[in-house]
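Data first, discussion second: the structure below is written as structure tokens.
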Amino acid sequence: MGLFILRRVLTMVLTALCLTFVVFFMTNLYPNLEKLAKSEGNFRMTDVEVASWLSQNGYRSPVDPDLLAAYRSGQIESEEASRGINTGFDVRLFRNYAEWLGVMPGYVIETPSGAVNARCQAPGTALEDAPNFCGILQGYWGFSSVFKDTVGSVIGTRLALTGKLMFWVMVLMVPTALLVGVLAGMREGSALDRSLSTFSITSTATPEYVSGVIFIAVFTSSAVGLKWFKGSAASAMDDANFQNFFLPVLTIALYGMGYIARMTRASMAEVMNAQYIRTARLKGVSFRNIVLKHALRNALIAPFTVIMLQFPWLLNGVVIVESLFNYKGFGWTLVQAAGNNDIELLLGVSVVSVIVVLVTQLISDIGYVYLNPRISVT
Amino acid sequence: MEDLSWTGLTGTILDPILMILAPLFAVVVVARMLLSMFEPDTGEQANPDGTLVQTGGIWGLMRLATVLLGVALVLVMLAYVASGLVLGPKAGILGAMARRFWPVWLALALTFALSIQFKRRLGLYGKLFDSTIGMIGFGLVMFWVFTALFSGVFDLIATHDTLAQLSGMKNKVPGTPVPDSESGYGWYLLGGDNLARDVFSRMVKGSTVVMAIAPLATLFAFMVGITLGLPAGYYGGRLDTVLSFVANLILAFPVILLFYLLVTPEIVATGLPQYMAMVLFVFPLVFSAVLIHSRLRTQPGKSVLWLAMVLVPMALVYLSVINEHGSKLDFWPLDLFDVPGGLLVVFVAVVFVNAPTVFRIVRGLTMDIKTRDYVAAAQTRGERPWYIMLWEILPNARGPLIVDFCLRIGYTTILLGTLGFFGLGLPPESPDWGTTINEGRRLLAVYMHPALPPALALLSLVLGLNLLADGLREESLRD
């Protein structure tokens, strides 16, 4: 078991490194950096100025000094100079990634004007005080340009809000889904089974943006006039109550519920056809006892994995629902970061979501082995 | 012209009937569900002499009641459609819509009549018509397929142009007549949206966009998944380890983040999606080439002929698709057509997300099937590995793959909607359902009619695909 977990953890770390590198690569592609340079520096910068700004701030390798000198002295036009700039792949990417991770010392670049740009130097402190390494391993997540705050604290607050949402989603989704699945699976083909199965198929076929829109239209709009709930969950961030928080929770829970319920139903139906259940029936055990004491425990092993593996999908739903209901949590932050080219925040968000996905996969694997004595890892 | 009511003339007769039947049906269904908790657990039992014993009493009665009420409800719905076909706009908005959809009804009726007539000769497809669930699902799916076909190819169903903005129709409720409508259709059947465009036409045209992308993207994902999954499962070993690791890598990537990273204009400008298209779209070519060559290896002349016949057109299409003037990939002189704005990127993103799941399914099935005797027999005959994979294993894995194909089209539709919902990829004036829902949701608290029709359309299509997959699974298990 120990070796199994160790191997899984090692694979997980490798996966996390690969994924964060992919995100790092994509957010640091030249057009993204160009946009960043223009928004941080000056919107009217020429291509050469953008390139030299990027190299001075440690994003790219230095621009060819001859080219820069020729451009500055007016020997070549800016169009000609911009053709000489490398906008494609830059080897510095690997070093930047290592710096961002915190396994290589941060850059210290002296600009021609004499100022020194250093990655690890916090604004207003001396260069000598700056640490050598500053990456996510040291807890330095960077600075968000949208929220004007450190990425660590942005993600912390937003994650707490989404945690609240997810907690209530789980509280609603898991028991309901298990109940629906068990009730449907205990008598295959009965009226109860058919109705509940129809319900779970419908709920898997209703993505969050469809059910959310329908719920808002029916329960909150002035056109229908029910107005039972609030169409925005913005007030739920400080003070969540049934009126402003139930619809977003229900919307996420509904889409995941159908899938878990169907898995539970399949697993329950399989167990109910097993030999030992037939033996129990022949011995005259009452139906209620068969379901509760004999079948239920074995039937719940498979859904456990499914519930854990639902997390990545829930993340998807969280992004949609938080945008739809204007709940400013983690998913909303992802949209803001991606939409506004906030590179460091986007990196932070992806690190967190990748870790969440991988950890749930690990728990699901370990839990499956732990719960099911028939599976051995050795 | 006057405003249309929802049901018009027919409503005076049919509405009260529906008002009585629908609640009654709901009550009976709920009562039956509750009662079935106490049903003695006999249900249907087969006696040794071949007869069936069924639970009688109140449970049998309830079963009869649900069936009768259900049939009555369906008849009422059909009456609405029939009256709409006859009366047109006089039968209200529903009637007018029913008439606009006439080619679809005709095509559906023909499909069902022919399929049920010859169902014994049609294999798995014919067996679908033995299951109610499967038939309902098939009906829903074909409804949207025909709608997409007739509105996209023959321009039949939609009443207005999807981009036409008529003055005075902004946010108007369903059934509002169009001012000065001498030419063209007289009403906005499902109202006007925020830009005074016809919601009904946009919903109908949106089906064309979805139907053009979703099945094709799923097919491509299957090509990729099958071409990589078969060798991974068959050979195992290091190849399997590497491919599985990559698949798990993509699967662990949050889908939304991937979309945001792939589909933003800055990334599109680097040509990255085009390079990905170059890699992903080569798989259908590889698949067909290996499929043909592994079969005809012993007849070289025939093999070359077939390969040329299939691969040359495919290669031309492939090169035209990935090549685009003025982008990073611009090398091929004979560019037959260009893929319209953003479509290629959306396509690539959706294929990329779906392919690893298909890979895992195919790999699992291959690992299971390769232990069978007929595979061993083929190996003993001295068949080549690719022949065994493509002509022995793949045909025997078709059942689960067909079922998953249906489910996956539904999932792809959901993904497309998600992309539209976040305004990624497709142009903002595109009539596809996700984009329309995204536009409609901003004013949802006041006007709900622009957002609901595309939402319900998407729901019904995905539900249909799920039911179809369920029906297929049930029928293929019965073999």
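Computed from the coordinates by the stated procedures, all read-outs in this text should not be read as laboratory data. The structure displayed is predicted, hence computed values, not measured ones. So basically every Cβ, Gly included, is an ideal-geometry build from the backbone, and we count neighbours across all protein chains shown.
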Karplus 3J(HN,Hα) series, Hz, for the range A:266-283 with 6.51 cos²θ - 1.76 cosθ + 1.60 (x for Gly, Pro): 4, 5, 5, 4, 5, 5, 5, 8, 6, 4, 6, 6, 5, 4, 4, 5, 5, 6
Take peptides A:109-118, A:263-272, B:244-253 and line them up by average Cβ neighbours within 10 Å, highest first, as a rough protection proxy. A:263-272, B:244-253, A:109-118
Per-residue HN-Hα couplings for the range A:226-237 [Karplus 6.51, -1.76, 1.60; θ = phi - 60°; Hz; x = Gly/Pro]: 6, 6, 6, 10, 9, x, 10, 9, 4, 6, 6, 5
If you put +1 on each Lys and Arg Cβ and -1 on each Asp and Glu Cβ, how big is the dipole of the protein assembly as shown around its Cα centre, in Debye rounded to 20? 2840 debye
Taking a ≥ b ≥ c as the square roots of the eigenvalues of the Cα gyration tensor, with a/c under 1.5 meaning rounded and otherwise prolate when a/b exceeds b/c and oblate if not, the range A:69-184 is prolate
The lysines whose Cα lies under 24 Å from the Cα of A:K38, excluding any fewer than 8 residues away in the same chain, are A:K148, B:K328
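What ranking do A:F147, A:F325, A:F43, A:F89 get, fewest neighbouring Cβ atoms within 10 angstrom at the top?
Neighbour counts put them in this order, fewest first: A:F43, A:F89, A:F147, A:F325.
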For the range A:28-33, in order, what is each residue's ³J(HN,Hα) by Karplus, 6.51 cos²θ - 1.76 cosθ + 1.60 with θ = phi - 60°, in whole Hz (x at glycine and Pro)? 9, 5, 4, x, 5, 5
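What is chain B by shape, rounded, prolate or oblate, if you read a ≥ b ≥ c off the alpha carbon gyration tensor as root eigenvalues and call it rounded for a/c under 1.5, prolate for a/b larger than b/c, and oblate otherwise?
It is oblate, given that a/c is not under 1.5 and a/b is not larger than b/c.
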What is the local net charge at B:V29, summed over the other residues whose Cβ is closer than 14 Å to its Cβ (Lys, Arg +1; Asp, Glu -1)? +2
What net charge is computed for the residues neighbouring B:T132, neighbours being all others with C-beta under 12 Å from the C-beta of B:T132, Lys and Arg scored +1, Asp and Glu -1? -3
Measuring from label point to label point, each 7 Å out along Cα→Cβ, what is the A:V369 to B:D130 span in nm? 4.3 nm
Rounding to the nearest 20 debye, state how big the charge dipole of the range A:232-357 is about its Cα centre with +1 on each Lys and Arg Cβ and -1 on each Asp and Glu Cβ. 1240 debye
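Over the whole of A:211-222, what's the average partner chain Cβ count within 10 Å per residue? Rounded to a whole number, please.
Taking the mean over all residues of the peptide, I get 5.
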For a protection proxy built on the mean count of beta-carbon atoms within 10 angstrom, sort B:320-328, B:464-472 highest first, please. B:464-472, B:320-328
So which cysteines in the protein assembly as shown don't have a second cysteine's C-beta under 4.7 Å from them? A:C18, B:C406
Expected integer from the mean partner chain Cβ neighbour count at 10 Å over A:197-207 is 6
Per residue, the convex hull volume that the Cα atoms of the range B:45-159 enclose (Å³): 140 Å³
Can you sort B:D193, B:D373 from fewest to most other Cβ atoms within 10 Å of each residue's own Cβ? B:D373, B:D193
For the Cα atoms of chain A, what angle does the longest principal axis make with the long axis of helix A:301-324, in degrees from 0 to 90, nearest 10? 50 degrees
What aspartates and glutamates sit close enough to A:K164 to cross-link, taking a C-alpha to C-alpha distance under 20 Å and skipping anything fewer than 8 places away on the same chain? A:E208, A:D238, A:D239, A:E322
Provide a whole-number value for the mean count of partner chain Cβ atoms within 10 Å of the Cβ atoms in peptide A:185-194. 5
